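Everything below concerns the one structure shown next.
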Amino acid sequence: PKSISRYRWPRRALPARIQPPAAPAPQTSDDHFDGFSIKRQLAAGGLCEIFLVSGDVSRRGIAMKVLLPAFRDARSAIENLVNEARILKLLNERHPDEIFIRVFEQSWFEDADARHPYILMEYVEGQNLKEIVQSDGALPEAEVFDLVRSTASALAAVHAEGLAHGDISPENILRISPGILSPRRGQRYRLIDFGDARDLSLPGRTDEIVGKPHFISPEQCEGFIAGAPSDVYSLGMVFYYLSFGRPAFERVNTLEVLGMHRATEVSFPESAPEDVRWVIQRLVSKDPSDRPTAASAVDLMDQLASRRT
């Protein structure tokens, strides 16, 4: 499993210590959590697992995110999950038109005389972009432009709140299945997994590398915690992956991939349009100060789309 992230919610919002509710919570079992019936597991990995659950009539078809058993007593992991819920609630309240997954509640369940956090969030029926590309190959250009623009817009909102996502990758962007309408302006995507999000005002070095190796920024490879430019770099790598059906840097050895992020310029297939190359090259500049902001990336994607009409 990946290392536990050590970001913290801004100090003004984070209590001195995690305080579970005083009232006892219901026991959990193999097929129930805190009164919710588990239908099936949706995902597992890293520190958490996600289940499709149902409860009363008003809570049909929702997702529950809980820590994997091995991490349920780890303070950092507990704080990460609690803070992820806070971050998503904040983003949805202040930026309701963006593609953030919606959180309904953050609460606690009791197991073996200990309380553990969980998040109830909207269930989105669909696939992540890695699954789609592995199955179908590169996506149509118009969809790539729309998807990258939507993600850049969401990142601009994240950065405006003084936060960085820290793990932008195809696995963390969902495409909603055809025929399932989103209540927010017909959106087709969701940006998920804020477990590695961090406050941009906190110190910038770490003794761990967090993120997906094929999409991580050069500064993260060098031991710096992700900042807003890191998210933009990762978005550029996602842009490449969706456009050409493979990562920009393909190697079996993870350390070699990390080294290429630091020292190797991205190369393109001969068929790659010049304007697409130019935008991706800007997003994945080695120097963070040379990258556009996420808000500027939205404008760049609009310009690309306008050249196709």
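Miscellaneous remarks
- Here is the figure for the stretch 91-120: residues that are within 30 Å of residue 245 (Cα to Cα) and in contact with a Leu (Cβ under 9 Å, 6 or more places away or on another chain) total 5.
- Where residue 193 falls short, out of the listed (1) modelled with pLDDT under 95; (2) farther than 24 Å from residue 123 by Cβ; (3) among the acidic types (Asp, Glu): (2)
- Selection from the stretch 98-121 of residues that are more than 17 Å from residue 54 (Cβ to Cβ), in a strand (DSSP E or B) and touching a Phe, Trp or Tyr at 6+ places or on another chain (Cβ under 8 Å): 106, 108, 115, 116, 117
- Considering the stretch 93-112, the residues that are closer than 17 Å to residue 66 by Cα and free of Cβ contacts under 8 Å to residues at least 40 places away in the same chain include one that is farthest from the chain's Cα centre (by Cα), namely 112.
- Close pairs from the stretch 237-251: first at positive phi and modelled with pLDDT of 95 or more, partner of a type outside the set (S, T, N, Q) and assigned to a helix (DSSP H, G or I), Cβ under 9 Å, at least 6 apart: 245/133; 245/136
- Residue 70 vs. criteria out of contact with any Phe, Trp or Tyr (no Cβ under 7 Å at 6 or more places or on another chain), touching a residue at least 40 places away in the same chain (Cβ under 8 Å) and of a type in the set (Gly, Ala, Ser): yes
- For the stretch 198-231, a residue qualifies if it is among the hydrophobic types (A, V, I, L, M, F, W, C) and modelled with pLDDT of 90 or more, and the qualifying residues are 215, 216, 221, 228.
The values are calculated or read from the model by the stated rules, or taken from the named source; none is laboratory data. Remember, it's a predicted structure, so these values are computed and weren't measured experimentally. Methodologically, a virtual Cβ is constructed for each residue, glycine included, from the backbone with ideal geometry; neighbour enumeration extends over all protein chains shown.
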